[in-house]
Amino acid sequence: MKLQHALLSLASLLLLQVSATAQPPQGDGLFDVDNEIISRSISEENPTGEPGEGGKAASQIGVGRKGAPRFELKAGETHQLCDIEGSGTIRHIWMTGTWGRSREIPMLRSVVIRGYWDGQEHPSIECPIGDFMGSAHAKSVAYQSAVHSTGEKEAFNFWLPMPFTKRARFTLTNEGDKDCTVYYQIDYTLNEDHSDTVGRLHTNFRRANPTTMKEDFELMPKRTGKGRFIGSVMGIRTLHPGWWGEGEVKVYMDGDDEYPTICGTGSEDYVGLSYGIQNTTHMYHGCSLLEKSKEKFEQLDIPKNEKVNVPMSYISMYRWHLPDPIYWKKECRVTIQQIGCCYYERDDDWTTASFWYEPVPSEPLGPFPSEEERTADLKPLLNP
């Protein structure tokens, strides 16, 4: 009988541990109401998030009747999404707009979101809104992952928690030449006891069009100090026929020089797939976009050293290191190779929006591609 009780106790303990790991990323107990945490939300209906200040704008049917559900983001303008003081956590961002409706203009690459933590002057988040919200190539498709959930008509949801200790400020800038309409809501909590060394979310956008032959594309350029790599949304536009994804992901950390500590086996393997890429999405890994252009383009078949006319492929894939964390203590750099099958070096058009946590003050993110560089060569996908 004692053995039976012991086994039941062990089973109960294991069940509790599994339940704990299954909690949302922010780790809040669903039933813990005995705390000092305050819930707030910012939108155009309550741009400061202050208590009792929502829904005061008037429409043609009266005050508080959908008076300010959106704002107009003119070409060249910057709109402040939020400026929050205190210690808290941004828990969720929802956003939609008219930026994905045009088949001529890749506005999801033209509009840029920037985030600033705790008074730091340079942004810790700087990314085109489409890539930040999980959609590469300025094309939104409906799918769900642990970080993003996207509707069929450019409805974006972002779920990574974003802690801050003194201040959180976000802006949205339209760097294109066409106006757009934006709807948004930022849900956050205050009165949280974060330490000064808590990791703040950082997001870096990079594009190499094309990549440099035999030079691995950096998903995350070198960062120093402590941190945790969360993952990436990667976009690939093929510039040569044949299979492009034999390249390995490499994580250089804490003194690694020529060779990394973490090394994968292939590009599709890194996003949890195999034997080529398939349009398959899961919580922590997958491919959300896999399309070919209807038009054919002259490309060099590298192994045969001859030019052929073939469509370009556009791929958007992602990988989230949430149950399998990648921590570093002193420094870290993450790269991916451009290798074809079987085997040869190649160059393609690669983009990445990479996400990680590190304390502030933190180093600047590095050069940000111009609007022209970000939006180039996307029309064959958007307007085939």
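Among the lysines, which have Cα under 23 Å from the Cα of Lys250 when same-chain residues fewer than 8 positions away are ignored? Within the straight-line cut-off, Lys250 pairs with Lys214, Lys222, Lys226, Lys329, Lys330. What the phi angles of segment 167-175 give under the Karplus curve with 6.51, -1.76 and 1.60, with θ = phi - 60°, is a coupling list of 7, 9, 9, 10, 10, 10, 10, 9, 8 Hz, glycine and proline written as x. Averaging Cα coordinates gives a centre for segment 154-210 and one for segment 330-353; these two points are 27 Å apart.
What residue among Ala58, Ala146, Ala155 has the largest mean-square fluctuation in a Gaussian network model of the chain, using Cα springs under 10 Å? Of Ala58, Ala146, Ala155, the most mobile in the Gaussian network model is Ala58.
Taking amide H atoms as placed 1.01 Å from N in the peptide plane, the amide H of Val360 lies under 5 Å from those of Arg200, each 5 or more residues away in sequence or on another chain. For the chain, a Gaussian network of Cα nodes joined below 10 Å ranks Pro325, Pro359, Pro51 by mean-square fluctuation, and the top entry is Pro51.
Which of Gln60, Gln80, Gln299 moves most in a GNM of the chain, Cα contacts under 10 Å? Most flexible of the set in this elastic network: Gln60.
Among the cysteines of the chain, Cys82, Cys127, Cys180, Cys263, Cys287, Cys332 have no other cysteine beta carbon within less than 4.7 Å of their own. What the phi angles of segment 359-367 give under the Karplus curve with 6.51, -1.76 and 1.60, with θ = phi - 60°, is a coupling list of x, 10, x, 10, 5, x, 6, x, x Hz, glycine and proline written as x.
The structure shown yields Cα extents along the principal axes in Å, and of the options [x] 178, 44, 41; [y] 83, 54, 47; [z] 73, 69, 39 that calculated value carries the label [z].
Applying the Karplus relation 6.51 cos²θ - 1.76 cosθ + 1.60 with θ = phi - 60° to segment 211-224 yields 3J(HN,Hα) values of 5, 8, 3, 6, 10, 5, 6, 8, 6, 9, x, 4, 10, 10 Hz, where x marks Gly and Pro. With contributions of -39500 (n - 2.57) from each DSSP H run of at least four residues, the per-residue ellipticity at 222 nm computed over the chain stands at -2500 deg cm²/dmol.
A dipole drawn for segment 204-358 from +1 and -1 charges on Cβ atoms has a positive end, and of Cys287, Asn305, Tyr344 the residue lying farthest that way is Cys287.
Read-outs: derived from the displayed coordinates by stated rules, not from any lab. Everything numeric here is computed off the predicted structure, so don't read it as measured data. No Cβ is skipped: glycine too gets one built from the backbone with ideal geometry, and neighbour counts run over all protein chains shown.
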